[in-house]
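Chemist: Take a look at the following structure, please.
The values are calculated or read from the model by the stated rules, or taken from the named source; none is laboratory data. Quick caveat, the model's predicted, so the values are computed rather than measured. All Cβ positions, even for glycine, are placed from backbone atoms using ideal geometry, and neighbour counts span all protein chains on display. Remember, those area values only see protein heavy atoms, side chains included, never the ligands or the DNA or RNA. Shrake-Rupley method; radii C 1.70, N 1.55, O 1.52, S 1.80 Å.
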Amino acid sequence: MFKKNDPNLRVILATDCGSTTTKAILIEKIGDEYRQTYRGEAPTTVEAPFEDVTKGVLNSISEIEDLSGRKFLEGEQIIHPANGDTGCDIYISTSSAGGGLQMMVAGVVKQMTAESAERAALGAGAIVMDVLAINDKRLPHERIERIRQLRPDMILLAGGTDGGDMIKVVDMGDQIVAADPRPRLGISYQLPIIFAGNKEARPIIQKNLGEKFALTMTSNIRPTLEEENPWEARQKIQDLFEEHVMAQAPGYNKLIEWTSAPIMPTPAAVGLIIRTIAEKEGINVIGVDIGGATTDVFSYFRVENEGIFNRSVSANLGMSYSVSNVMAEAGLENVMRWASFDIEEEDIRNRIKNKMIRPTTIPQLLDELIIEQGLAREALRLAFEQHKSLAVGLKGIQQQRDIGDAFEQDDSGTTLIKMMELDLLVGSGGVMSHAPRRSQSMMMLIDAFQPEGTTRLAVDSIFMMPHLGVLTTVHDKAATEVFNKDCIIYLGTCFAPKGEMRFGDRAFTYKLEMETGEVHEGEMKFGEIKLIPYGFNDKGLPLRGTGTINPSRNLDMGSGKGRAVKGEIFGGVVGIALDARGRPLKFQKDRQERVKQLDNWCSAFDAYPARKGGK
Amino acid sequence: MAHAYTPGLRVTRQAAIEKERILPLKGNVEVKVGDKVKADTIVAKTELPGDVTIVNVMGLLGIEANEVAEYMIKKPGEKIVKDEILAEAKPLLPFLKFMSGKVKSPIDGTVEKVNDITGQVYLREPPQPVIVRAYIEGVVTEVIPLEGVKVKTNATFIQGIFGVGGETNGIITMAVVSPSIELKPEFIKPEHKGKILVGGSYVGIGAIRKAIELGVVGIISAGMSDHDLKELLGYDLGVAITGHEDLGLAIIITEGFGRIDMANRTFNLLKEREGFRASISGATQIRAGVIRPEIIIPLSKEELAGENEAKVDAKDGVKGGDPVRIIREPNFGKLGKVKGLIPDLMVMESETKVRVMEVTLADGTDFIVPRANVEIIED
């Protein structure tokens, strides 16, 4: 048996059971450091005809066996601990198969306890199906009808400060009882409900809900108006996810027995690794994972020396199953603004729907790739907008905000996400990790998130952040080393002032002093973007340097309009982007001009060289 | 290497089909193992608890929450009809008449609960019956106590790629003579009422509207346009989870969005089964637990040919000579035969590096295509 952070741990096997694919990675201690060495994947087997998640797990591991020559399986068992050339020391897993964790949350006041409950559920890796509150503008019977329609895996009920009003949270509890919701999986097991509201209401909640549901109590998520405490509820959600929800899914009982640490919901694991890295490096980070069905956005920002972590999930924004919804939500015009060619509306609509009904196909033609990357930009943009509207105030127990701030949430909205203070933007998911050119990934990230000031960009090399997230709970050093050496691929640094001016006017002058001794100096006109290749040193570490940006009086690099700013340069596989396109990004109104503009942008990044925009 | 082929949709003349017919919550099973059932036979019944109406008795009578119970005329568990007195406040002395008050029930139902914390009273409307029908003609093979049954039949079974509208049944009727012909409005006649019409390459909104107007219960077509789907539904379908639309008919497309010839095998099979009753469902769910729309045409004893269902096992992958369909541009919808699998990764025009195969299209030209962009067709 291995202890947490055991230095004798040498061979780690990790899987992520996704909704379509199960991905396995092997991590080995080579010399004194941990490295990811092999990777295998196989279709997930939660659904018929297999209905046993472990089949896909075994298939993905057997692929690693083939590639590595190391034996991991004895029949249908994983060999552990490792012995010579066989087996692994630990096996860990995350899961989002079978739709992941689907929750409903309820609170009393929408902007207060209900919002806190929503953040707690999202932070635990759930998809939030609906947020109910006494002031959600629905009549009680409408709310009951809605609860009845949904078949959540779990409900989180919050409401009332400790010692405060009990009536409304009891009323909400009664509405849940009246609706008698059925769990999504399993017709005869009791639906888990977590009560994280006014502690004085616990006996009544127990009396009213205890018989019908698998009721659990945790400390109040909002013990006072000024304080938010999501941690215990969040932990309880993850415990119940494994005990109740996973146990209902086919094959998971076996999987739970195999793993050396609790199975985590995939988004919770990704959130954990992003948070760990942000805390270790002392930086502000935004991470995004764009999948086939959903897009998750994670952020960690330091406010008044306190780190605030937020996660949002856009359940219907994704690149295959949900691709049609991206078009429906963004609008065709917004999708096509990223393409410098014409296509009939009917044709594009049919193509997107065909991708939706046959989600595993890949773009063979360049135009199809360009459309797909345009859709990705829009999915990311919309998911980020949703994130900004939610990331308005999650704070740990240690940090409190006063009542005035709490009421400000509605109006301030985006206060926590300050793009000018963002240090690192990380992209993950197929469209990011598998883009034919890394410069395409960098452009997608810049176009969708529009970072301001000086920002470093990176992508997850082969989608292993979930595996590393769950690994942090077992072996911090291994997770950090693999994250830095094998997982994250630094793309480079983006310099982008905020503001708007006339196309063609001088936007800023720049001076880049590189570690290599080179100096790049020049001027950028508004509307332009330029790329300066700048990679890695002999040790494989990103080259460093200093960039001085002197913006014109209409633009701001972080120190105020017209004020020069010095920023740190980090090289990467793409290089340094000098982005003078304005924030928000400004498009030409005239179609011909816009096409020329797009061609210039793509040409600067050598993104689609086979098209006119290529070099 | 993981298997990336999209397994083909099932198109088979004869298959053993078993359907689970389960209630949304526990109830009574109305049939027993061995019973022969028609598509419309009710196999299980239950009652869904009625809607809840909340009455603020505390507020209406101007009393404290913990006093509500003693003012209730109707106690929890008792039935009540609309406008009947639910609670009443009577003053102790007659001259305090202004303190009296009555609360009437807004619904027919039962008093479910009096909450002495909130002062609210929960009334529940009578339960709503829920029935589950057999959906397919066949034999009951298993009873799942209190939940439902399994019904089995031997049938021609065809899966579509996408559909809208729920379960229905009707007689299969060919509306076109070739798989490349569009199902036009003028082909739809009053005598098609209650029928399932089979079209060819395409069906437009005009034909769909006319079919609804004339009482056609289902349309099977190779393709349709997303634009028409939006017009029909009244919204832009974002996520492919369908089956609950109340359109008056079910639509099943067999190949995809756009104008595409229906696969000959599908068209010929439907033509062969013309005049027989089919059970169809447009329900589609392209997410975890994939559900594709389906056409089930039960075979009589005489029609059972002893032919086994052709099996395509995705685990075996494809091999030279297998018939396939291209499912992404370029050549979307075209049929061909696998000429060979190329083992090395190849770079496509999009610069995507993928595993590919060579396909000989119906016109004789050879074409390199990513393996993920073909679908195996059952032969």
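Chemist: Express the carbon and sulfur contribution to the solvent-accessible surface of segment B:318-376 as a percent, rounded to the nearest whole number, probe 1.4 angstrom.
Modeler: 54 percent
Chemist: Okay, next question. Taking all protein chains as present, what is the carbon and sulfur share of the accessible area of segment A:331-392, in % to the nearest whole number, probe 1.4 Å?
Modeler: Within segment A:331-392, the accessible surface is 44 percent carbon and sulfur.
Chemist: Starting from segment B:225-275, pick out the GluC sites (Glu not before Pro) whose DSSP state is loop and whose Cβ has at most 16 other Cβ atoms within 10 Å.
Modeler: On the way: sites: B:GLU231, B:GLU245, B:GLU255, B:GLU272, B:GLU274; in loops: B:GLU245, B:GLU274.
Sites meeting the loop and neighbour criteria: B:GLU274.
Chemist: Per residue of chain B, what 222 nm ellipticity follows from adding -39500 (n - 2.57) for every DSSP H run with n ≥ 4, rounded to the nearest 500?
Modeler: Result for chain B, helices only: -2500 deg cm²/dmol.
Chemist: Largest first and in whole Å, give the semi-axes of segment A:494-615's equivalent ellipsoid, each being the square root of 5 times a Cα gyration tensor eigenvalue.
Modeler: 25, 21, 10
Chemist: Follow-up. Calculated FRET efficiency, B:PHE276 and B:LEU48, Cβ-Cβ r, R0 30 Å, to nearest 0.05?
Modeler: Calculated value: 0.30.
Chemist: Which value results when the Cα radius of gyration for segment A:11-97 is divided by 2.2 N^0.38 Å?
Modeler: So segment A:11-97 has a normalised radius of gyration of 1.05.
Chemist: Just flag the chymotrypsin sites (Phe, Trp or Tyr not before Pro) in segment B:232-281 sitting in loop per DSSP whose Cβ has no more than 13 other Cβ atoms within 10 Å.
Modeler: Values: sites: B:TYR235, B:PHE257, B:PHE267, B:PHE276; in loops: B:TYR235, B:PHE276.
The qualifying sites are B:TYR235.
Chemist: Taking both sides together, what accessible area is buried at the B/A interface, probe 1.4 Å, expressed in Å² and rounded to the nearest 100? It would help to have the intermediate numbers written out before the result.
Modeler: On the way: alone 19880 and 24910 Å², together 39690 Å².
Buried area (both sides, nearest 100 Å²): 5100 Å².
Chemist: Below 18 Å, Cα to Cα, which aspartates and glutamates can B:LYS339 reach? Residues fewer than 8 away in the same chain don't count.
Modeler: B:ASP316, B:ASP322, B:GLU358, B:ASP363, B:ASP366, B:GLU375, B:GLU378, B:ASP379
Chemist: For segment B:119-195, state the semi-axes of the equivalent ellipsoid (square roots of 5 times the eigenvalues of the alpha-carbon gyration tensor), sorted largest first and rounded to whole angstrom.
Modeler: Largest first, segment B:119-195 gives 38, 23, 12 Å.
Chemist: Classify segment B:153-303 from the C-alpha gyration tensor, please: rounded if a/c falls under 1.5, else prolate or oblate depending on whether a/b exceeds b/c. Walk me through the intermediate numbers first.
Modeler: Working: a/c = 1.44, a/b = 1.17, b/c = 1.23.
It comes out rounded by the Cα gyration axes.
Chemist: What value, in deg cm²/dmol to 500, does the helix sum -39500 (n - 2.57) over DSSP H runs of n ≥ 4 give at 222 nm once divided by the residues of chain A?
Modeler: -9500 deg cm²/dmol
Chemist: Charges at C-beta only: +1 for Lys and Arg, -1 for Asp and Glu. How large is the resulting dipole of the protein assembly as shown about its Cα centre, in Debye rounded to 20?
Modeler: Numbers: 120 positive and 139 negative charges, 163 e Å.
For the protein assembly as shown, the charge dipole is close to 780 debye.
Chemist: Hey, another quick one. Among B:LYS82/B:LYS102; A:LYS280/A:LYS477; A:LYS498/A:LYS530; A:LYS353/B:LYS353; A:LYS4/A:LYS477; A:LYS280/A:LYS539, which pairs are too far apart, with a Cα-Cα distance over 20 Å? Don't skip to the answer; put the middle values down first.
Modeler: Numbers: B:LYS82/B:LYS102 14 Å; A:LYS280/A:LYS477 12 Å; A:LYS498/A:LYS530 16 Å; A:LYS353/B:LYS353 24 Å; A:LYS4/A:LYS477 10 Å; A:LYS280/A:LYS539 22 Å.
In this structure, A:LYS353/B:LYS353; A:LYS280/A:LYS539 exceed 20 Å between Cα atoms.
Chemist: Residues of segment B:332-355 with accessible area at least 40 Å² lower in the all-protein-chain context than alone (1.4 Å probe)?
Modeler: B:GLU349, B:SER350, B:GLU351, B:THR352
Chemist: Is segment A:144-290 best put as rounded, prolate or oblate by its Cα gyration tensor, with a ≥ b ≥ c the root eigenvalues, rounded for a/c under 1.5, and otherwise prolate when a/b is larger than b/c, oblate when not?
Modeler: Oblate shape, in that a/c is at least 1.5 and b/c is the bigger or equal ratio.
Chemist: When the Kirkwood hydrodynamic radius is evaluated over all pairs of different C-alpha atoms of the protein assembly as shown, what value in angstrom, to one decimal, is obtained?
Modeler: 31.1 Å
Chemist: For segment B:186-226 and segment A:16-75, what is the separation of their C-alpha centers, rounded to whole Å?
Modeler: Comparing the Cα centres of segment B:186-226 and segment A:16-75, I get a distance of 48 Å.
Chemist: Compute the convex hull volume of the Cα atoms of segment A:575-615, divide it by the residue count, and report the result per residue in Å³ as a whole number.
Modeler: 69 Å³
Chemist: Evaluate the Debye formula for segment B:52-124 with equal point scatterers sitting on the alpha carbons, no solvent, and hand back log10 of I(q)/I(0) at q = 0.27 Å⁻¹, in q order, two decimals.
Modeler: At q = 0.27 Å⁻¹ the computed log10 ratios are -1.23.
Chemist: Let me ask you something else. Which one, A:GLN592, B:ILE253, B:PRO126, projects farthest toward the positive side of the charge dipole computed for the protein assembly as shown from Cβ point charges (K/R +1, D/E -1)?
Modeler: A:GLN592
Chemist: So, one more: When the gyration tensor of segment A:120-191 is built from Cα positions, what are the square roots of 5 times its three eigenvalues, in whole Å, from largest to smallest? Don't skip to the end; give the middle numbers.
Modeler: Details: eigenvalues 85, 49, 30 Å².
Largest first, segment A:120-191 gives 21, 16, 12 Å.
Chemist: Under the Kirkwood approximation applied to all pairs of distinct alpha-carbon atoms, what is the hydrodynamic radius of segment A:437-484 in Å?
Modeler: Working: mean 1/r = 0.0797 Å⁻¹.
After inverting the mean inverse Cα-Cα distance, the result is 12.5 Å.
Chemist: Let me ask something additional. Given H placed 1.01 Å from N in the peptide plane, which residues other than close sequence neighbours of B:GLY243 have an amide H under 5 Å from its amide H?
Modeler: Close amide H contacts, sequence-distant or interchain: B:GLY165, B:THR284.
Chemist: Residues of segment A:137-179 that become at least 40 Å² less accessible with every protein chain present than in their own chain isolated, using 1.4 Å: which are they?
Modeler: Relative to the lone chain, where solvent access is computed with a 1.4 Å probe, segment A:137-179 loses at least 40 Å² at A:ARG148, A:ILE167, A:ASP171, A:ASP174, A:ALA178.
Chemist: Note the full-extension length gain between A:LEU73 and A:ARG553 as 0.36 nm times their separation in residues minus their Cα-Cα distance, in nm to one decimal.
Modeler: 166.3 nm is the gain from fully extending A:LEU73 to A:ARG553.
Chemist: Sticking with this structure for a sec: Apply 1/(1 + (r/R0)^6) to the Cβ-Cβ distance of B:GLU186 and B:LYS339, taking R0 = 45 Å, and write down the FRET efficiency to the nearest 0.05.
Modeler: 0.60
Chemist: Simple spin-label model, 7 Å along Cα-to-Cβ: A:ASP180 to A:ARG594 in nm?
Modeler: Label-label distance for A:ASP180 and A:ARG594, simple model: 5.4 nm.
Chemist: Something else: Under 17 Å from a point 7 Å along the Cα-to-Cβ line of A:SER219: which residues of segment A:294-329 have their amide N that close?
Modeler: Zone members listed by number: none at all.
Chemist: Say the dipole of segment B:153-303 comes from +1 at the beta carbon of Lys and Arg and -1 at that of Asp and Glu; which of B:ASN169, B:ALA207, B:ALA283 then lies farthest toward its positive end?
Modeler: Towards the positive end, the residue furthest out is B:ASN169.
Chemist: Roughly what percent of Cα-Cα pairs across chain B reach past 32 Å?
Modeler: Result: 51 percent of Cα pairs exceed 32 Å.
Chemist: Identify all aspartates and glutamates with a Cα-Cα distance to A:LYS511 below 13 Å; exclude those on the same chain that are fewer than 8 residues away in sequence.
Modeler: Cross-link targets: A:GLU521, A:GLU523, A:GLU568.
Chemist: So, with a 1.4 angstrom probe, what is the percent of accessible area on segment B:52-124 that is carbon and sulfur?
Modeler: 56 percent
Chemist: Using the heavy atoms of the protein chains and a 1.4 angstrom probe, tell me the accessible area per residue for the protein assembly as shown in square angstrom.
Modeler: Value returned for the protein assembly as shown: 40 Å² of accessible area per residue.
Chemist: For A:PHE536 paired with A:ARG138, estimate the spin-label separation in nm (one decimal), with each label point 7 Å from Cα along the Cα-to-Cβ line.
Modeler: 5.1 nm
Chemist: Report the calculated FRET efficiency for A:LYS254 and A:SER62 (r = Cβ-Cβ distance, R0 = 25 Å), to the nearest 0.05.
Modeler: The value I calculate is 0.95.
Chemist: Oh, and also: Taking 0.36 nm per residue of separation and subtracting the Cα-Cα distance, what length does fully extending A:ALA261 through A:THR86 add?
Modeler: Values: separation 175, 0.36 × 175 = 63.00 nm, distance 2.07 nm.
Separation in residues times 0.36 nm, less the Cα-Cα distance, equals 60.9 nm.
Chemist: Treating the beta-carbon of each Lys and Arg as +1 and of each Asp and Glu as -1, no other charges, what is the dipole magnitude of segment A:198-290 about its Cα centre, to the nearest 20 debye?
Modeler: Numbers: 10 positive and 13 negative charges, 53 e Å.
Rounded to the nearest 20 debye, it is 260 debye.
Chemist: Once Lys and Arg get +1 and Asp and Glu get -1 on their Cβ, which of A:LEU67, A:GLY492, A:ILE204 lies farthest toward the positive end of the dipole of chain A?
Modeler: It is A:GLY492, whose Cα lies furthest towards the positive end.
Chemist: Output the direction-averaged projected area (hull surface divided by four) of the convex hull of the alpha-carbon atoms of segment A:412-562, in nm².
Modeler: Result: 11.2 nm².
Chemist: Is there a simple number for the mean count of other chain Cβ atoms within 10 Å of the Cβ of residues in A:319-330, and what is it?
Modeler: Mean shielding count: 3.
Chemist: Are there residues in segment B:133-147 whose accessible area shrinks by at least 10 Å² when all protein chains are included rather than the chain by itself, and which are they (probe 1.4 Å, ligands and nucleic acids not counted)?
Modeler: With the partner chains in place, segment B:133-147 has these residues losing at least 10 Å²: B:GLU147.
Chemist: Any chance you could look up the accessible area of B:THR168 with a 1.4 Å probe, heavy atoms only, rounded to 10 Å²?
Modeler: 30 Å²
Chemist: How are the C-alpha pair distances of segment B:318-376 spread across 10 Å bins, as whole percents from the shortest bin up?
Modeler: So the P(r) values, bin by bin, are 27, 59, 15.
Chemist: In terms of Cα to Cα distance under 12 Å, which aspartates and glutamates are near enough to A:LYS110, apart from those fewer than 8 places away along the same chain?
Modeler: Once the sequence-local aspartates and glutamates are set aside, what remains near A:LYS110 is A:GLU118, A:ASP130, A:ASP136, A:ASP410.
Chemist: With charges only on Cβ, +1 for K and R and -1 for D and E, what is the dipole size of chain B about its Cα centre, in debye, rounded to 20?
Modeler: Roughly 500 debye for chain B.
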